[in-house]
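Here is the structure we will look at.
The values are calculated or read from the model by the stated rules, or taken from the named source; none is laboratory data. The model shown is predicted, which means the values in this text are computed figures rather than measured ones. Using ideal geometry, Cβ is built from the backbone for each residue, glycine included, and neighbour counts are taken over all protein chains shown. Calculation scope for accessible area: heavy atoms of the full protein, side chains included, ligands and nucleic acids excluded. Shrake-Rupley method; radii C 1.70, N 1.55, O 1.52, S 1.80 Å.
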Amino acid sequence: MNFPAIRMRRMRRDAFSRALMREHTLLPTDLIMVAFVIEGEGEGKREPVPSMPGVERLSIDGLLALAGECVEWGIPALALFPSPGPAVKSEDAAEAWNPQGLMQRATRALKAKYPQLGLIGDVALDPYTTHGQDGLIDENGYVMNEPTVEALIKMSLAQAEAGMDFVAPSDMMDGRIGAIREALENAGHIHTRILAYSAKYASAFYGPFRDAVGSAANLGKGNKHTYQMDVGNSDEALREVELDIAEGADAVMVKPGLPYLDVLRRVKDAFGVPTFVYQVSGEYAMLKAAAQNGWLDERAVVLESLTAFKRAGADAILTYYALDAARWLRE
Ligand code: PBG
């Protein structure tokens, strides 16, 4: 049967039938707000991130206010990244597991005030290393796998101890999910979830983030190609995800987002596990810059991009636009 018996436009004619046939709908409960925390509690310190207009790094007091907004607008969780400043950076990144460190203090403060808001803690050494790599390096600058995993275990335990709901290793070391899972179990943290950055690409879209956590200058001309994935691969992403699931990940992630929708779809189809996607800093910067120039309708392109993630199989989306999007969705 064909035209005119089939007229695809019939269902598109009116808002009611478009609504009825809509396959995927974006909700505030799909969104995870991303935030950067800095020192300066009690001073209400806020530092704009120049390459991410509209995003500010917040001291813990400001972070609490942001968390309150997330709760108000129905956003289920906050992903937390530390920007601890140059003073605490070291070769061994030991500040990352200091019980009184920035992440741990922020976690305790947030969980005390908003216990219902899920907290996702970044687990990687880059904000804490003098060289800006996600792990510990040898004399040639190569990121060493097992010593780094040992450090990530300490970092995960410190976060779990402080009340973190999800530890989220974003480092791409081999075997870290299994090692962290075992350490958490042994320490009695049986409810701490692991969000594995499983298919994390060596992407140039992370540039603004590296400004925000203060690792860009330290990294200099360095790159992360020996641990993050090659942009040209997607079979490899499935192997990474499969390993992380086997090692005990509760949810997996594809990152960046929009340029990797094909990977997202493959992962969701192959495994059917909770699959998150990260709309990264460079994606935010692109949309924001075009909007500020009056070249794109910000609200429309943001909601379109976020809906595309759901269509491609995402269960949840980490995005700097979470609060804006939640507000726009309610209007
Ligand atoms: C590093 C980390 C990065 C991001 C999250 N965790 C950057 C990197 O790998 O260099 C990027 C997030 C973004 O760009 O928004 N552990």
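Would you call GLY62 at positive phi and without any contact (Cβ under 8 Å) to a residue 24 or more places away in the chain?
no
Can you tell me which of (1) within 13 Å of the ligand (Cβ to nearest atom); (2) in contact (Cβ under 8 Å) with a residue 60 or more places away in the chain; (3) under 16 Å from ALA168 (Cα atoms) is the one LEU125 doesn't meet?
(2)
Show the residue pairs meeting these rules: Cβ distance below 9 Å; 6+ apart or different chains; first residue within region 11-25 and closer than 21 Å to LYS310 by Cα; second residue surrounded by 10 or more Cβ atoms within 10 Å (Cβ to Cβ) and of a type in the set (Ser, Thr, Tyr).
That search, which allows pairs on different chains as well, returns HIS24/THR307; THR25/THR307.
If you scan region 51-86, which residues turn out to be small (Gly, Ala, Ser), in contact with a helix residue (DSSP H, G or I) (Cβ under 9 Å, 6 or more places away or on another chain) and surrounded by fewer than 17 Cβ atoms within 10 Å (Cβ to Cβ)?
Across region 51-86, the qualifying residues are GLY54, GLY68, GLY74, GLY85.
Among residues belonging to region 202-211 that are near the ligand (Cβ under 9 Å from one of its atoms) and not polar (S, T, N, Q), point out the one that is surrounded by the most Cβ atoms within 10 Å (Cβ to Cβ).
Among those residues, the one meeting the criterion is PHE209.
Is it the case that VAL252 is in contact with a Phe, Trp or Tyr (Cβ under 8 Å, 6 or more places away or on another chain), aliphatic (A, V, I, L, M) and not in a strand (DSSP E or B)?
Considered against the rule, which asks whether it is in contact with a Phe, Trp or Tyr (Cβ under 8 Å, 6 or more places away or on another chain), aliphatic (A, V, I, L, M) and not in a strand (DSSP E or B), VAL252 comes out as no.
I need every pair where a residue in region 215-230 that is among the acidic types (Asp, Glu) has its Cβ under 9 Å from the Cβ of a residue that is surrounded by 13 or more Cβ atoms within 10 Å (Cβ to Cβ) and part of a loop (DSSP other than H, G, I, E, B), sequence separation at least 6 or different chains.
Qualifying pairs under 9 Å: ASP230/ALA202.
Pull up region 212-239, narrow it to residues that are in contact with a helix residue (DSSP H, G or I) (Cβ under 8 Å, 6 or more places away or on another chain) and either open to solvent by less than 40 Å² (accessible area, probe 1.4 Å) or over 20 Å from VAL252 (Cα atoms) (or both), then point me to the one that is farthest from the ligand (Cβ to nearest atom).
LEU238
Can you name the residue in region 240-268 that is more than 16 Å from the ligand (Cβ to nearest atom) and of a type in the set (Asp, Glu) and, of all such residues, is least open to solvent (accessible area, probe 1.4 Å)?
GLU247
Consider ASP174 carefully, then state whether it is under 21 Å from LEU117 (Cβ atoms) and not aliphatic (A, V, I, L, M).
no
With the structure loaded, tell me whether LEU136 is within 15 Å of the ligand (Cβ to nearest atom) and farther than 16 Å from VAL213 by Cα or whether it fails that test.
yes
Checking the conditions here, which among GLY188, GLY163, GLY141 is at positive phi and in contact with a strand residue (DSSP E or B) (Cβ under 9 Å, 6 or more places away or on another chain)?
Only one candidate qualifies: GLY163.
Looking at region 14-37, can you tell me whether even one residue there is open to solvent by less than 70 Å² (accessible area, probe 1.4 Å), among the polar types (S, T, N, Q) and closer than 16 Å to ALA106 by Cα?
No, there is no match, as no residue in region 14-37 is open to solvent by less than 70 Å² (accessible area, probe 1.4 Å), among the polar types (S, T, N, Q) and closer than 16 Å to ALA106 by Cα.
Being surrounded by fewer than 17 Cβ atoms within 10 Å (Cβ to Cβ) and closer than 21 Å to ARG181 by Cα narrows it down to one of MET155, MET164, MET103, MET144, so name that one.
Criteria check complete, one pass: MET144.
For the subset of region 171-201 comprising residues that are among the charged types (D, E, K, R) and not in a helix (DSSP H, G or I), which member is farthest from the ligand (Cβ to nearest atom)?
Out of the qualifying residues, it is ARG193.
Quick one: in region 269-320, of everything that is touching a helix residue (DSSP H, G or I) at 6+ places or on another chain (Cβ under 8 Å), in contact (Cβ under 8 Å) with a residue 60 or more places away in the chain and not in a helix (DSSP H, G or I), which residue is most open to solvent (accessible area, probe 1.4 Å)?
Only one residue fits best here, namely ASP315.
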